[in-house]
Amino acid sequence: MDERYTPRPVASWYLIAAIASLVFMALGCVSLAMHVATDPATLPLDQRALFQAEPSWVLAASAVGFVAGALGSLLLVLKRRAAEQMLFVSLVGVLVWLGGMMLTPRFRDLLSTDQVAVLLTIVAITWSIYWFARHSRQRGWLR
């Protein structure tokens, strides 16, 4: 049997990482809610163009990504096995969200380099949270 996957005591840093994951995903949900509630007429012209260029299915993918991520992170805090599956759904949603932004020419052309860097950072953090859940399950920390 591979020793890497034998059950071990829960690491002392586990709860801190799980709460940090929950905070990150909750911020994503707040950002999503603010985006949905925004009236495009109140935005500057460059932001309005970006807002109007976003396809609705891309917005739906981000909703799946962040809501599933928040639920999965909450399950991590509660040490539940379902966290891994929920965070996988979140990762897929965020990847579809990023792919939709990059594959929609009208939207992609309006993104700045800084905005693309932020999007890639969000995907990297979401992947890291999924990896953390997977690692936690393999260690036997989730029940």
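The values are calculated or read from the model by the stated rules, or taken from the named source; none is laboratory data. Keep in mind the model is a prediction, meaning the values are calculated, not measured. FYI the Cβ positions are ideal-geometry reconstructions off the backbone, even for glycines, and counts take in every protein chain you see. Calculation scope for accessible area: heavy atoms of the full protein, side chains included, ligands and nucleic acids excluded. Shrake-Rupley method; radii C 1.70, N 1.55, O 1.52, S 1.80 Å.
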Just to verify a result, which residue in the stretch 32-43, among those that are of a type outside the set (A, V, I, L, M) and open to solvent by less than 70 Å² (accessible area, probe 1.4 Å), is farthest from Ser128 (Cα to Cα)? Pro40
Would a scan of the stretch 44-54 turn up a residue that is part of a helix (DSSP H, G or I), crowded, with 16+ Cβ neighbours inside 10 Å, modelled with pLDDT of 95 or more and of a type outside the set (Val, Ile, Thr)? no
Enumeration of residues in the stretch 103-143 that are farther than 24 Å from Leu15 by Cβ, surrounded by 14 or more Cβ atoms within 10 Å (Cβ to Cβ) and either of a type outside the set (Ser, Thr, Tyr) or in contact with a helix residue (DSSP H, G or I) (Cβ under 6 Å, 6 or more places away or on another chain) (or both): Phe107, Leu110, Leu111, Val116, Leu119, Val123
Of everything in the stretch 7-22, what is of a type outside the set (S, T, N, Q) and in contact (Cβ under 8 Å) with a residue 40 or more places away in the chain? Give them in sequence order. Pro7, Arg8, Val10, Ala11, Tyr14, Leu15, Ala17, Ala18, Ile19, Leu22
Out of all the residues in the stretch 6-26, which are within 22 Å of Val67 (Cα to Cα) and either loosely packed, with under 13 Cβ neighbours inside 10 Å or small (Gly, Ala, Ser) (or both)? Ile16, Ala17, Ala18, Ala20, Ser21, Val23, Ala26
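Here is a check on your reading of the model: is Ala61 within 19 Å of the chain's Cα centre (by Cα) and of a type in the set (Gly, Ala, Ser)? Walk me through how you get there before you give the answer.
On the way: within 19 Å of the chain's Cα centre (by Cα): yes; of a type in the set (Gly, Ala, Ser): yes.
Judged against the criteria, Ala61 is a match.
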Collect the residues in the stretch 103-141 that are outside any helix (DSSP H, G or I), of a type in the set (Ser, Thr, Tyr) and in contact (Cβ under 8 Å) with a residue 12 or more places away in the chain, keeping them in residue-number order. Thr104
Return the pair list, or none, for Cβ contacts closer than 7 Å from residues in the stretch 44-72 that are among the acidic types (Asp, Glu) to residues that are assigned to a helix (DSSP H, G or I) and open to solvent by less than 30 Å² (accessible area, probe 1.4 Å), at least 6 apart or on different chains. Glu54/Phe107
Evaluate the following for Gly72: is it out of contact with any Ser or Thr (no Cβ under 6 Å at 6 or more places or on another chain), in a helix (DSSP H, G or I) and open to solvent by less than 20 Å² (accessible area, probe 1.4 Å)? no
Using the structure shown, decide if Leu91 is without any contact (Cβ under 8 Å) to a residue 12 or more places away in the chain and in a helix (DSSP H, G or I). no
Could you run through the stretch 75-85 and say how many residues are open to solvent by less than 60 Å² (accessible area, probe 1.4 Å) and either free of Cβ contacts under 8 Å to residues at least 24 places away in the same chain or within 17 Å of Ala26 (Cβ to Cβ) (or both)? 5
In the stretch 92-143, which residue that is more than 17 Å from the chain's Cα centre (by Cα) and among the small types (Gly, Ala, Ser) is nearest to Leu50 (Cα to Cα)? Ser112
